[in-house]
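**Q** Let me give you the structure first, and then I'll get to my questions.
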Amino acid sequence: MEPLGPGSTGPAVADVRAALRSLGLLAVDAAAGESVGEEYDPATELAVRHFQQVRGLSVDGRVGEETYRALSEARWSLGDRLLHHDPERPMRGDDVTNLQERLLELGYDAGRADGIFGRETETGLRAFQRDYGLTADGTCGPGTLRALRQLGRKVTGGRPQLLRQSANFVDSGPHLIGRRIVVDPGHGGADTGFTAGETTEADLVLDLASRIEGRLAAAGATVYLTRGRDQNPTAEQRTAFANDARADLFISLHMDAHGSEHARGVASYYYGTGSGTSSTVGERFADLARREMVARTGMLDLGGHPKTWDLLRWTRMPAVRLDCGYLSHPVDRLLLLDARLRGTVASAVLAAVQRLFLPAEADPPTGTFVLPQGV
Ligand SMILES: [Zn+2]
């Protein structure tokens, strides 16, 4: 191309001026309004010199092939377009440089940060996507960008373990947006479960489930209950419901009773055979939920236990059953009949869900995690 310089006019100059303006190097002329002008005036020359200096080009104030290419590449910032490897016409731009720099920072070999999306960039990107549980398609789209942005510059040196831990957080977001959670109030319909005076276990766990539903939904999760007041689905129906909903987490709610009036406290159950095979996420959530409840209510901690119950076995996601106290115990019963305490239990479950999806280093001490106002 013919180099542009002082004295040049025409659409090509307008193009250059528009690029300089979008980079913030050329002020908008108030009198001219939206029109960029076709004159290569002294302001244009100054802006070109500035651009060349910043980019490490030879500074001559003229727009030749190299400067022109640099100007058009500079117009792309990460997120403007999908990036992928095109062997015919390699994609070039500042967005590519930015992607390469981030991958290199995270310890992935993406080749030189030269702003050209080549084979090495693709290989590095795929490796990152694989480690993250993203689709390893070598295309940098919204999901990959979100993961890269969330990581920011916190993680350096390529520590895959840390990356994977943080990936949970990246995927779920701080407020559970996109998470699907099934809450399963036990019993229902003709099956009332245990009773405490006029009140039934079935009614109490349904009330508790609704409170949990409200809090989780306010935090951005999509929540489903397995039953209404008058239904009593089988274990098979409850688990099929959760599987069909493609839930990320299944929380079943019960209350206990016992012939001995001394029996009291909170227990949690997760899938496990007790001899090695168990759901690690289930176990962690069972532990978090029970500890949050105990810390907030002062009820007795009866521990977490592996079980192979159908409800835990047939669900294809981490599944936990919480037994939230004994209706046969005088103190537990008084607590469970109190709507405020059921609200506290619901907050404990919400805190546990939040903690399940938070990175380990951001995990607050039990009983202290409070959602920010306005979510
Ligand atoms: Zn029950």
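The values are calculated or read from the model by the stated rules, or taken from the named source; none is laboratory data. Because the structure is a prediction, the values reported are computed rather than measured. Quick reminder, even Gly has a Cβ in these numbers, built from the backbone with ideal geometry, and neighbours come from all protein chains shown.
**Q** Is it true that Asp86 is within 22 Å of Gly115 (Cα to Cα), of a type outside the set (Gly, Ala, Ser) and buried (at least 16 other Cβ atoms within 10 Å of the Cβ)? I'd like the intermediate steps shown before the answer.
**A** Working: within 22 Å of Gly115 (Cα to Cα): yes; of a type outside the set (Gly, Ala, Ser): yes; buried (at least 16 other Cβ atoms within 10 Å of the Cβ): no.
No, not satisfied.
**Q** Are any residues in the range 302-336 more than 16 Å from the ligand (Cβ to nearest atom) and not in a strand (DSSP E or B), and if so, which ones? Lay out the reasoning, then the answer.
**A** First pass over the range 302-336, keeping only residues more than 16 Å from the ligand (Cβ to nearest atom): 303-304, 306, 308, 313-318, 330-331, 334-335.
Those that are more than 16 Å from the ligand (Cβ to nearest atom) and not in a strand (DSSP E or B): Thr308, Arg313, Trp314, Thr315, Arg316, Met317, Pro318, Pro330, Val331, Leu334, Leu335.
**Q** Still on this structure, please answer the following. Of the residues that make up the range 99-107, is at least one crowded, with 20+ Cβ neighbours inside 10 Å and at pLDDT below 85? Let's see the steps before the verdict.
**A** Kept after step one, since they are crowded, with 20+ Cβ neighbours inside 10 Å, are these residues of the range 99-107: 99-100, 102-103, 106.
In the following step, the residues that additionally are at pLDDT below 85 were identified as 102, 106.
Yes: one or more hits.
**Q** Also, I was wondering about something else. Looking at Ala217, Ala196, Ala289, Ala221, can you tell me which residue is over 18 Å from Leu322 (Cα atoms), surrounded by 18 or more Cβ atoms within 10 Å (Cβ to Cβ), more than 16 Å from the ligand (Cβ to nearest atom) and of a type in the set (A, V, I, L, M)? Lay out the reasoning, then the answer.
**A** Values: Ala217 fails: surrounded by 18 or more Cβ atoms within 10 Å (Cβ to Cβ); Ala196 fails: more than 16 Å from the ligand (Cβ to nearest atom); Ala289 fails: over 18 Å from Leu322 (Cα atoms).
On inspection, the qualifying residue turns out to be Ala221.
**Q** Considering only the range 312-334, how many residues are closer than 18 Å to Asp203 by Cβ and small (Gly, Ala, Ser)?
**A** Qualifying residue count for the region: 2.
**Q** Right, another one. Is there a residue being modelled with pLDDT under 95, within 16 Å of the ligand (Cβ to nearest atom) and surrounded by fewer than 21 Cβ atoms within 10 Å (Cβ to Cβ) anywhere in the range 160-176?
**A** From the range 160-176, those modelled with pLDDT under 95 are 160-176; that's our starting set.
Right, trim to within 16 Å of the ligand (Cβ to nearest atom) and you get none.
Scanning the range 160-176 turns up no residue that is modelled with pLDDT under 95, within 16 Å of the ligand (Cβ to nearest atom) and surrounded by fewer than 21 Cβ atoms within 10 Å (Cβ to Cβ).
**Q** Still on this structure, please answer the following. Could you grab me the full set of residues in the range 48-65 that are over 22 Å from Ala27 (Cβ atoms), loosely packed, with under 14 Cβ neighbours inside 10 Å and either among the hydrophobic types (A, V, I, L, M, F, W, C) or modelled with pLDDT of 85 or more (or both)?
**A** Across the range 48-65, the qualifying residue is only Glu65.
**Q** For the range 1-15: of the residues being farther than 9 Å from Glu38 by Cα and aliphatic (A, V, I, L, M), which is modelled with the highest pLDDT?
**A** Taking the range 1-15 as the starting set, the residues that turn out to be farther than 9 Å from Glu38 by Cα are 1-7.
Checking which are aliphatic (A, V, I, L, M) leaves us with 1, 4.
Values: Met1: 71, Leu4: 94.
Only one residue tops the list, namely Leu4.
**Q** Inside the range 225-266, can you point out the residues that are surrounded by 15 or more Cβ atoms within 10 Å (Cβ to Cβ), more than 20 Å from Leu206 (Cβ to Cβ) and within 16 Å of the ligand (Cβ to nearest atom)?
**A** Ala263, Arg264, Gly265
**Q** Exactly one condition in (1) part of a helix (DSSP H, G or I); (2) at pLDDT 90 or above is false for Gly282; which is it?
**A** (2)
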